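To start, the structure under review is shown below, and the notes come after it.
The values are calculated or read from the model by the stated rules, or taken from the named source; none is laboratory data. Since this is a predicted model, take the numbers as computed values, not measurements. Ideal geometry is used to build each Cβ from the backbone, glycine not excepted, and the neighbour counts take in all protein chains shown.
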Amino acid sequence: MSATKAADGGVELVLGQRDAGLAVGVVAILTILFLPLPSFMIDLGLALSIALSIVILMVALWIRRPLEFSAFPTVLLIATLLRLSLNVATTRLILSQGADGPNAAGHVIAGFAQFVMGGQFVIGIIVFIILVTVNFVVITKGATRIAEVGARFTLDSLPGKQMAVDADLSSGAIDEKEAIRRRRELEEESQFFGAMDGASKFVRGDAIAGLIITAVNIFGGVIIGVTQYDLPFERAMDTFVKLSVGDGLVTQMPALIVALAAGLLVSKGGTQGSTEGIIITQFGNYPRALLFAGGVMAVLALAPGLPLLPFAAIGGILTSVSIALTRQREAGARAAATAKTTQAVTAEEQSRQSIREQLKTTEIEICFGKQISTVLMRPSSDLSQRVAKMRRKFAKQYGFVVPEIKLAEDLSVPSKSYQIKVHGTVVASAELRLGDVLVVVGDGPKPDTPGDETREPAFGMKAIWVPDIFTNALKRDGYVPVENTSVLLTHVAEVIRNSLAQLLSYRDLRSLLDRLDPEYRKLLDEICPSQISYSGLQGVLKMLLAERISIRNLHLILEAVAEIAPFSRKAEQITEHVRMRLASQICGDLSENNCLKVVRLGNKWEVAFHQALRRDPKGEVVEFDIDPRLIEQFGGDLARVIQPLMDAGHQFVLVTAAETRPYVHTVTERLYGTLPVLSHLEISRGVQIQSLGSVS
């Protein structure tokens, strides 16, 4: 732990020093504008400026996308400020110490003056003017125009690209993380090209400033040399022009390199890959063009008056490259044909084994008829997003992630209907009315608007399909119209609740156990598999989910299993013990405002269910044997009490003895599948009880 903290502290220290170093560097560049520097510091600064420009050019050549160098505008500003600061510093040295000789402004400027001009300042002036013209008129102007147009088109196309991302998200082609990444990339792209549009002005201003500074150095240096140092005019011209032009050449070289890097960066556009890869690949796609160019060079080599060697050498190189590329493409075509043949053979082999794929079933699938699929599965529909939200809600409520819900069109389904499949089996189906809304009325009054009577698909309550043009009128009358997507999702959610036990797979169990804290991992290792197998633990969780009890508090479930597992191996008994330990959670989920509404099982039926239990010599329950006539009587008594409460909209539970609770639930779930059945031991302390009656 201490080593980790020390490492984190070291990283933070390095990052802090890096930030401080950048700040110190910028302040140092600004300081050069005002404080004089010795000549060796000038040499170091000029070398640094040249090295920085070369690094910028190499990065611009090798990046795959312009956004990979999104810091270019900031780097360009710092590099430009560095060159201008060095220009001011060299101007100060040239004007103050230029009479001392060619090394007055440092050895770098003197070396460039000697190397480029060859001792003749007229040549230097001409070369300098040409460099400024190339930089200012050709490279900088073109890069500025490309950056301006790129920024304009990027900003204009931004809304359309964002709508495309939203459409892909709605259709389910991408998930939310990918949509967030794409939106962030679009924002960065617009900001980058906007910044490049302004940063290109730095390059133009740098070229103009270099020209003006050089002219000032020449004019001011000659005047100072003649008036203050009493130099002859010719010597003053020779000395100060060489120094000024050498300074201009040293400055214009990195400026030209950076301008070239800016042009390469903005001209890359939407192409992917490094610059040399793009150029070589695209030129290599047309070997006949290279062959034709080689033929033209050969003709020029034989033309009278032109030198034979350079034209013949270049023509031979182009012809050789063209022949090599043609052979390479032919070999690639043969390899592609071979790969295609191999793929066809592989596909044929896979088609023989395709029955294995057909044996795989989707865990949850919604199959739409032709007519409703055109509406609910179109790209602009929000069905996919709402299904994803529903899965997140189930994960939070029940403690595990339900499988992906597949949306598909099935021609075998009636055009206005849909089917819900669980593990490939149709468990529910219903019909939707496009252009209508569903009004659930139950046993209440019906609306005055025209409509067709039906049954709400999720709970089977009485409802009416009403044309959606009457939606506002229904709301004014106090009814709640439900649109088609909500009707479908409510039905799907109810089917999933009824199928939770089937949907908890062994893979889901392992995923839940892998996310446990280390302490509970140790507890799990103690009880599994020595006291209960993993499949047995899965069976306990399935029994809980079958009665819609959440397994989100998995650590409490493991603790309860660890308490009972050494004494009982029956999953039913383990589940009942776990339910008692989860009493607070169960009552909290079923109560309203900390008030639990209950219907008690009367003494007559408590005794009847208790007498139906058959035990072994050890007193363990081994069988539940009850007269079928009693089951019919129990169903009638239950309906007389339960049905009015359900029609009134009450949320309540049926309470019975702990020993008979599983068997009471077995009977009631056939009649009322969503009715919770609790034992007296599962009612937690502090919960207020409101009795609604008893079944007697």
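What to note about this one:
- Test set (1) of a type in the set (Ser, Thr, Tyr); (2) touching a Lys or Arg at 6+ places or on another chain (Cβ under 9 Å); (3) loosely packed, with under 15 Cβ neighbours inside 10 Å - THR374 fails condition number: (2)
- Subset of region 392-421 (residues that are among the basic types (Lys, Arg) and out of contact with any strand residue (DSSP E or B) (no Cβ under 7 Å at 6 or more places or on another chain)): ARG392, LYS393, LYS396
- Of the candidates VAL695, VAL653, VAL641, the single residue that is in contact (Cβ under 8 Å) with a residue 40 or more places away in the chain, farther than 20 Å from MET580 by Cβ, of a type in the set (A, V, I, L, M) and touching a helix residue (DSSP H, G or I) at 6+ places or on another chain (Cβ under 6 Å) is VAL695.
- Candidates in region 457-475 are the residues that are within 16 Å of HIS491 (Cα to Cα) and at pLDDT below 90; of these, the one that is surrounded by the most Cβ atoms within 10 Å (Cβ to Cβ) is ALA458.
- Among the residues here, SER274 qualifies as within 52 Å of the chain's Cα centre (by Cα) and either modelled with pLDDT of 75 or more or assigned by TED's automatic domain parsing to the domain that holds LEU52 (or both).
- For region 243-256, a residue qualifies if it is of a type outside the set (Ser, Thr, Tyr) and farther than 12 Å from GLY225 by Cβ, and the qualifying residues are VAL245, GLY246, ASP247, GLY248, LEU249, VAL250, GLN252, MET253, PRO254, ALA255, LEU256.
- From the options LYS416, LYS406, LYS396, LYS446, residue that is surrounded by fewer than 19 Cβ atoms within 10 Å (Cβ to Cβ), over 40 Å from the mean Cα position of the chain (by Cα) and either on the phi > 0 side of the Ramachandran plot or not assigned by TED's automatic domain parsing to the domain that holds SER511 (or both): LYS446
- Apart from one condition, THR666 fits all of (1) loosely packed, with under 14 Cβ neighbours inside 10 Å; (2) without any contact (Cβ under 8 Å) to a residue 40 or more places away in the chain; (3) under 27 Å from LYS542 (Cα atoms); the exception is (2).
- First in region 447-468 and without any contact (Cβ under 8 Å) to a residue 40 or more places away in the chain, second anywhere and among the hydroxyl-bearing types (Ser, Thr, Tyr) and assigned to a strand (DSSP E or B), Cβ under 9 Å, 6 or more apart: PRO457/SER429; LYS462/THR454; ALA463/THR454; ILE464/THR454; TRP465/THR454
- Only one of ALA47, ALA71 that is loosely packed, with under 15 Cβ neighbours inside 10 Å, modelled with pLDDT of 80 or more and not acidic (Asp, Glu): ALA47
- Counting only helices (runs of 4 or more DSSP H) wholly contained in region 417-521, the ones carrying 1 or more residues that are closer than 30 Å to GLU404 by Cβ occupy 484-498, 500-503, 506-514.
- Filter pass, LEU290 being surrounded by 15 or more Cβ atoms within 10 Å (Cβ to Cβ), modelled with pLDDT under 75, within 23 Å of ARG329 (Cβ to Cβ) and not polar (S, T, N, Q): yes
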